[in-house]
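Novice: Just passing along the structure, written as structure tokens.
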């Protein structure tokens, strides 16, 4: 059992858990993820490690309430327990002093991009960050990102906060106007990562994306998370989750993410109904 | 005397009718009644020089336990079997006895061999239902610590043997439940999960510590276990792991599962109880399973139980070359799985929305024998045809999982990617590290993994005694 030591509602839909998991915290590095399961009946879902504190023995994860499992997670309170937390999984981010890098975080993807931006900053890079969301309420960790970035640009689709734009607009400007940008890291919805890659490809700037495909075991055993990159089928859990974005077949990723749309919808409806009855 | 020799045929085990069982996840055979068990045990000639024992990879004292059954001492019989086999209820169900102990039974020369597997299952179940779980006396602690990586059949056997030798034993399991392939792979109707839990409980009762959710290579490295956590030896029994795909077009369409994924969703995650359990699974109407092994049979029979109208089993050779147990093939056919033999898939067709809608296949014929000694299948030109399907499950094998091995650059790996280890002792190229089961041999059976676990336990005991490490004879 893994205790939730701290819970924060980062926005209407985004929740943060700080979880007591000293052994995982000891090994966690930027780019790793965990698999989490709420209870005996629960499904195993992958969530990125958004932060870790080796001294306190905690890991932090951030999730958006979109399906039954994440809604149910969101109902848990500080002091509650999770049945299973497995990690740190996946290959960690490759960090070195590249020079100038751009970190792009979209929606809940702001959380996983943060430890990478921090590690890149610590490695001596000049870090320019762009964080974006649909609307102001969904932007979080502005201060976190400010602290690890030399420059921070915020966008919202509806213009309720920061620039009224999608993240690719300031990204394109930066790539056009600035010299010496060596690397772009982009984490967010698949569609955002796809368009980031289309943008950076024009300028031939290497782009790393972190793929959030459906997983079961998260250790290479099942192949649920398979994606195509560089014309080869690879497993996001053990070969990734980070890949060269210019090699990724995003349309396949998005199609595979939709595999259980009907089941997810039914499960969520049923859950909300039963939660309402309980109340 | 007449009484003992008259019965040439073995006592059959009653089972659920095919039509009924094809729609539920309950176990197929019901098991023997005490009378049936005594009747079957009475067929044993109690040979002076019992051949059956030689066929058992874990050396169960088969004649002695059968003798006890004959005398109606069922619980004592179970204890006798358990002296050598910590998982008798599992082995009684899933061991290929027909090519092991039973194949050597003298009765098999003229009639049917004694149903050793059925009897083993009976005594193990009888003990669980009637007796209290008896644990053997554990000798004085030696103070030595052993880490076992993987709680499948190999790891469980090794753990039980080593705890009985007086060592401290910790089992590390990557998943949230112990049992390995016994819980994620083999379906409920062939091996009820309550039985695996019972056998794992027994091993815990012996004093083995179990750590679930521990992915070794990620959470701890082998070096850390040995240098920082004080383990004196490690046994790597992680299984083969990574599913193989055919690499044909369309294989990543939605609705196409590796057998590992399909079975893990159904067995470990209980997706057949969705939405009471949260893990979904696509319940196909028309399902194609590709392969001819036990895993293919399991996948096909699970698909049927999830409600498929039609389940095809596509295999590129003929039934004679199928690696699956005859009994499993027979069960699958009885339940209505349609076998498309000498057939190979060429590509999967998209329904336009990213889902599989059909598989294009080609007919095959057998030519000369290949390296495996089986006749090689070759395609017949122009024989392509299409099957409408909405789920496909390639069950064509696994290869070694890189997660742990990547972190051990000092371990010698074979050309095929498995760990190089001595067959008799489990010794690897790295001092103090032993390995066995599928991670050494590639995909094999539960009982062979158990045999490897037993040998490694013996190897570890010898190592503790002599501190001797010679891997000069290891070769790929």
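Here, each number is a calculation from the coordinates, and none is a lab measurement. Bear in mind that the values here come from a model prediction, so they are computed numbers and not experimental data. Cβ atoms come from the backbone with ideal geometry, glycine included; neighbour counts cover every protein chain shown.
Novice: If you take the square roots of the eigenvalues of the alpha-carbon gyration tensor of segment B:233-353 and sort them as a ≥ b ≥ c, do you get rounded (a/c under 1.5), prolate (a/b over b/c) or oblate? Mind dumping the intermediate values first?
Specialist: Working: a/c = 1.24, a/b = 1.05, b/c = 1.18.
In terms of gyration-tensor shape, rounded.
Novice: Using only alpha carbons, build the gyration tensor for segment B:363-474 and give me the equivalent ellipsoid semi-axes, biggest first, whole Å.
Specialist: In descending order the semi-axes read 39, 16, 14 Å.
Novice: How large is the Rg to Rh ratio of chain A when both quantities use alpha carbon positions and Rh follows Kirkwood?
Specialist: That ratio is 0.95, to two decimals.
Novice: May I pose another question? Once each part is reduced to its C-alpha centroid, what is the distance from segment B:1-62 to segment A:1-56 in angstrom?
Specialist: Between the Cα centre of segment B:1-62 and that of segment A:1-56, the gap is 50 Å.
Novice: Another one. If you build a Gaussian network model of chain A, linking Cα atoms that sit under 10 Å apart, which residue out of A:178, A:134, A:258 swings the most?
Specialist: Greatest mean-square fluctuation among the candidates belongs to A:178.
Novice: Apply the Kirkwood formula to the protein assembly as shown: the hydrodynamic radius equals the inverse of the mean of 1/r over all pairs of different alpha-carbon atoms; give it in Å with one decimal. Present the calculation step by step, with values, prior to reporting the outcome.
Specialist: Values: mean 1/r = 0.0358 Å⁻¹.
Answer for the protein assembly as shown: a Kirkwood hydrodynamic radius of 27.9 Å.
Novice: A follow-up question, please. With a point put 7 Å past each Cα toward its Cβ, work out how far residue B:133 is from residue B:406 in nm, to one decimal.
Specialist: 3.6
Novice: Label point 7 Å out from residue B:106 along Cα-to-Cβ: which residues of segment B:62-87 have amide N under 13 Å?
Specialist: B:63
Novice: Rg to Rh ratio, segment B:45-160, alpha-carbon atoms and Kirkwood radius?
Specialist: Working: Rg = 15.3 Å, Rh = 15.2 Å.
Value, to two decimals: 1.01.
Novice: Comparing A:76, A:152, A:89, which has the greatest mean-square fluctuation in the GNM of chain A with Cα pairs linked when under 10 Å apart?
Specialist: A:76
Novice: A further question follows. Note down the nm distance, to one decimal, between modelled labels 7 Å out along Cα→Cβ at residue B:366 and at residue A:29.
Specialist: 5.2
Novice: Turning to a different aspect of this structure: Could you give the nm distance between label points at residue A:169 and residue A:206, where each point is 7 Å from its Cα heading toward the beta carbon?
Specialist: Output for this residue pair reads 3.1 nm.
Novice: Counting other C-beta atoms within 10 Å, which of A:58, B:135 has the fewest, and how do the rest follow?
Specialist: B:135, A:58
Novice: Regarding segment A:141-233, what is the average projected area of its C-alpha convex hull, in nm²?
Specialist: Averaging across all directions leaves 8.0 nm² for the Cα convex hull.
Novice: What FRET efficiency do you get for residue A:244 and residue B:46 if R0 is 45 Å and r is their Cβ-Cβ distance, rounded to the nearest 0.05?
Specialist: It comes out at approximately 0.10.
Novice: Another question about this same structure. Tell me, B:331, B:229 in order of fewest to most beta-carbon neighbours within 10 Å?
Specialist: In order of increasing Cβ crowding within 10 Å: B:229, B:331.
Novice: Calculate the translational D of segment A:181-279 in whole µm² s⁻¹ from Stokes-Einstein, where the hydrodynamic radius comes from the Kirkwood formula applied to all Cα pairs, the temperature is 10 °C and the viscosity 1.306 mPa s.
Specialist: 106
Novice: Taking every Cα atom in chain B, find the radius of gyration and the maximum pairwise distance Dmax, and write them in Å.
Specialist: 23.0, 72
Novice: What is the calculated FRET efficiency for residue B:320 to residue B:212, with r their C-beta to C-beta distance and R₀ = 45 Å, to the nearest 0.05?
Specialist: Efficiency at R0 = 45 Å is approximately 0.60.
Novice: Neighbouring Cβ atoms within 10 Å as the yardstick, rank B:126, B:315 fewest first.
Specialist: In increasing order of surrounding Cβ atoms, one gets B:126, B:315.
Novice: Over what distance in Å are the Cα centres of segment B:355-433 and segment B:83-124 separated?
Specialist: 29
Novice: Can you tell me how much longer the chain between residue B:374 and residue B:201 gets when fully stretched, taken as 0.36 nm per residue apart minus their C-alpha distance, in nm with one decimal?
Specialist: Details: separation 173, 0.36 × 173 = 62.28 nm, distance 4.17 nm.
Extra length available between residue B:374 and residue B:201 comes to 58.1 nm.
Novice: What per residue convex hull volume, in Å³, comes out for segment A:1-49 when only alpha-carbon positions are used?
Specialist: So the per-residue Cα hull volume is 98 Å³.
Novice: Now for a different question. Once segment B:320-378 is represented by equal point scatterers at the alpha-carbon sites, with solvent omitted, what log10 I(q)/I(0) does the Debye formula produce at q = 0.17, 0.27 Å⁻¹?
Specialist: One equal scatterer on each Cα of segment B:320-378 leads to -0.81, -1.06.
Novice: Rounded, prolate or oblate: which fits segment B:142-249 when a ≥ b ≥ c are the square roots of the eigenvalues of the alpha-carbon gyration tensor, with rounded for a/c under 1.5 and prolate only if a/b beats b/c?
Specialist: Because a/c hits 1.5 or more and a/b fails to exceed b/c, segment B:142-249 counts as oblate.
Novice: Scattering from the C-alpha atoms of segment A:56-155 alone, worked out with Debye: what is log10 I(q)/I(0) at q = 0.16, 0.20 1/Å?
Specialist: -0.82, -1.10
Novice: Let me ask another. Mind checking the mean number of beta-carbon atoms from other chains within 10 Å of the Cβ atoms in B:210-220?
Specialist: The per-residue average across the peptide is 5.
Novice: Of the peptides B:244-252, B:379-387, how do they stack up when ordered by the mean number of other Cβ atoms within 10 Å, highest first? Mind showing how you got there, number by number?
Specialist: Working: B:244-252: 15.6, B:379-387: 12.7.
My ranking of the peptides, most packed first, is B:244-252, B:379-387.
Novice: Taking the Cβ-Cβ separation of residue A:232 and residue B:140 as r and a Förster radius of 60 Å, what is the calculated FRET efficiency to the nearest 0.05?
Specialist: Efficiency, from the Cβ-Cβ distance: 0.65.
Novice: Restricting to bridges with both residues inside chain B, how much of the DSSP beta-bridge set is antiparallel, in percent to the nearest 5?
Specialist: Working: 21 of 51 bridges.
In chain B, approximately 40 percent of DSSP beta bridges are antiparallel ones.
Novice: Rounded if a/c is under 1.5, else prolate if a/b is larger than b/c, else oblate: which is segment B:356-416, with a ≥ b ≥ c the root eigenvalues of its Cα gyration tensor?
Specialist: oblate
Novice: So, one more: Which residue, A:83, A:30, A:255, tops the fluctuation ranking in a GNM of chain A built on C-alpha contacts under 10 Å?
Specialist: Among A:83, A:30, A:255, the largest mean-square fluctuation in the Gaussian network model of chain A belongs to A:255.
Novice: Which value in Å does the Kirkwood hydrodynamic radius of segment B:276-343 take, with 1/r averaged over all unlike C-alpha pairs and then inverted?
Specialist: Every distinct Cα pair counted, the radius reaches 12.1 Å.
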